[in-house]
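Student: Quick one: this structure, given as structure tokens, is what I'll be asking you about.
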Amino acid sequence: MLVLPILLPAWRFFQTVEASPRIEWSGEWSGGQGWQPLCQPPARLSVARMIGSLFWNPQRNDALFMVSCAERLDARPADHSVAEIRARVRRAAGGAATALQFRVVFVWEADGTPAREVTYLSDPFPP
């Protein structure tokens with residue numbers, strides 16, 4: 001009986017739905033690609049993979065950690081959050097860039113229209 005609240009969570013878990021932070025990164029290399037999302041979810045998942053992700057999903061856990069780092073950067077910038085995001089950006093770039101940079105973008109919907117605001121822009125850093 002004590003497990004029931006875990007399996008069937010309350011629908012009123014979130015009091016309000018607010019802007020959602022996204023992390024985008026860019027690098028300087030020949031034929032640069034501009035800003036791209038850091039933690040891109042897969043376009044499609046098979047049923048077996050969806051069921052498996054209920055028990056083992058390290059990519060999604062890491063993406064949620066990046067969201068919390070982005071929220072911390074918006075509230076109160078800290079070296080730890082910057083270092084964690086930089087490490088993920090370096091991994092995503094794969095050593096191909098000469099300089100890397102990331103930004104935190106908050107995305108929300110205003111009157112049915114998507115809106116975006118850049119709240120943090122990092123200094124360029126080496127790969």
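Student: Highest mean first, what order results for 56-66, 98-108, 37-47, 79-89 on Cβ atoms within 10 Å?
Tutor: So the peptides 56-66, 98-108, 37-47, 79-89, ranked by packing, come out 98-108, 79-89, 56-66, 37-47.
Student: Normalised by the empirical 2.2 N^0.38 Å for globular proteins, what value does the Cα Rg of segment 19-95 take?
Tutor: 1.26
Student: Relative contact order, percent, of segment 27-101 when contacts are C-alpha pairs under 8 Å separated by at least 6 residues? Display every interim value, and only then the final one.
Tutor: Working: 33 pairs, mean separation 40.3, N = 75.
It rounds to 54 percent for segment 27-101.
Student: Place a +1 charge on the Cβ of each Lys and Arg in segment 26-122 and a -1 charge on the Cβ of each Asp and Glu, then give the dipole magnitude about the Cα centre in debye, rounded to the nearest 20.
Tutor: Dipole of segment 26-122, to the nearest 20 debye: 380 debye.
Student: By how many nm would the segment from Gln59 to Ala78 lengthen if fully extended, with 0.36 nm per residue of separation less the alpha-carbon distance?
Tutor: Full extension of this stretch gives 4.5 nm more.
Where a number appears in this text, it was derived from the coordinates with a stated rule and is not lab data. Predicted model only: the values in this text are computed from it and were never measured. Cβ sites come from the backbone with ideal geometry, for glycine too, and all protein chains shown count toward neighbours.
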